[in-house]
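Rule-based calculations on the coordinates, nothing more; no lab input. What you are looking at is a predicted structure, and each value in this text was computed from that prediction instead of being measured. Neighbour counts are summed over all protein chains in view; Cβ atoms, including those assigned to glycine, are modelled from backbone coordinates with ideal geometry.
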Amino acid sequence: MHGKLRYMGWASTIGGWLVILLAISRNPWFVFTENAFSDLGAASANDPWLFNVGMILTGVMIVLYAVHLFEAGVNKLSRVGGTSMALTGLMLMMIGFYPEGTPYHYTVSVWFFSQGALTVLIGGLALIGETPWRNYGLIFTFMGIAGPIIAVIVPWPSTAVAEAYGILVLNLWVTLITELTPRFIDDKR
């Protein structure tokens, strides 16, 4: 089963961006350098359901991908990373359930990006102690530490630009770790 779930990482990456682009196409007022992506799910947006349902479905794909990460884990800490990825997906789902303008939106939004960065960091720390994967561990650990620091210190022109940066860091990690997991599984055999 986990072999098929491996592709949920790529599916969530592509699906998430397609949802954002489709929602932008339905909202010509959206300006990347002025708005937040969540504005596309606010009650005032055209077809806010598109963004919100899209975030929920993308979150489901991330949770399914997390099952693969958990099963492919090379050690206990990497399985904790899989669990952390599941929480990342859950928080993305919550963004859809609590869209812009609702009381919990800001909390679940910040939690989504924080949980994603924590997932990358845990994934890196898990691999540092594994000899064949040490270099990837160092790269992922750097990404998990530097990514959030850069997100906080750079004066982004808008929330959407900062969000795009955070999403791209997570997308890069998903792409790299997805390429590695079959080797993790082979090594366990």
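Selection of region 1-34 for residues being surrounded by 20 or more Cβ atoms within 10 Å (Cβ to Cβ), closer than 26 Å to PRO157 by Cβ and in contact with a Ser or Thr (Cβ under 9 Å, 6 or more places away or on another chain) yields THR13, GLY16, VAL19.
Only residues that are more than 27 Å from SER44 (Cα to Cα), polar (S, T, N, Q) and part of a helix (DSSP H, G or I): list them for region 72-113, please. Within region 72-113, SER78, THR83, SER84 meet the criteria.
Of the residues that make up region 179-186, is at least one free of Cβ contacts under 8 Å to residues at least 40 places away in the same chain, surrounded by fewer than 16 Cβ atoms within 10 Å (Cβ to Cβ) and under 14 Å from GLY123 (Cα atoms)? Scanning region 179-186 turns up at least one residue that is free of Cβ contacts under 8 Å to residues at least 40 places away in the same chain, surrounded by fewer than 16 Cβ atoms within 10 Å (Cβ to Cβ) and under 14 Å from GLY123 (Cα atoms). Note on region 1-24: residues that are within 18 Å of ILE167 (Cβ to Cβ) and of a type in the set (Ser, Thr, Tyr) total 2. Exactly one residue out of LEU127, LEU118, LEU92 is within 19 Å of LEU170 (Cβ to Cβ) and surrounded by fewer than 21 Cβ atoms within 10 Å (Cβ to Cβ): that is LEU118. Which of the residues spanning region 151-175 are in contact with a helix residue (DSSP H, G or I) (Cβ under 8 Å, 6 or more places away or on another chain), closer than 27 Å to SER78 by Cα and surrounded by fewer than 15 Cβ atoms within 10 Å (Cβ to Cβ)? THR175 - this is the single residue of region 151-175 that is in contact with a helix residue (DSSP H, G or I) (Cβ under 8 Å, 6 or more places away or on another chain), closer than 27 Å to SER78 by Cα and surrounded by fewer than 15 Cβ atoms within 10 Å (Cβ to Cβ). Scan region 8-63 residue by residue and report those that are of a type in the set (Gly, Ala, Ser) and more than 23 Å from THR88 (Cβ to Cβ). Of everything in region 8-63, those that are of a type in the set (Gly, Ala, Ser) and more than 23 Å from THR88 (Cβ to Cβ) turn out to be SER25, ALA43, SER44, ALA45.
Yes/no matrix, rows are residues, columns are (1) over 20 Å from ASN75 (Cβ atoms); (2) out of contact with any Phe, Trp or Tyr (no Cβ under 6 Å at 6 or more places or on another chain); (3) not aromatic (Phe, Trp, Tyr):
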{"site": "PHE97", "(1), (2), (3)": "yes, yes, no"}
{"site": "GLU100", "(1), (2), (3)": "yes, yes, yes"}
{"site": "PHE113", "(1), (2), (3)": "yes, yes, no"}
{"site": "GLY129", "(1), (2), (3)": "no, yes, yes"}
{"site": "PHE142", "(1), (2), (3)": "no, yes, no"}
{"site": "ALA146", "(1), (2), (3)": "yes, yes, yes"}
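Within region 22-39, residues that are without any contact (Cβ under 8 Å) to a residue 24 or more places away in the chain and over 20 Å from TYR106 (Cα atoms) have Cβ atoms under 6 Å from residues that are surrounded by 20 or more Cβ atoms within 10 Å (Cβ to Cβ) and not β-branched (Val, Ile, Thr) in these pairs: ASN27/LEU40; ASN27/ALA45, counting only partners at least 6 apart in sequence or on another chain.
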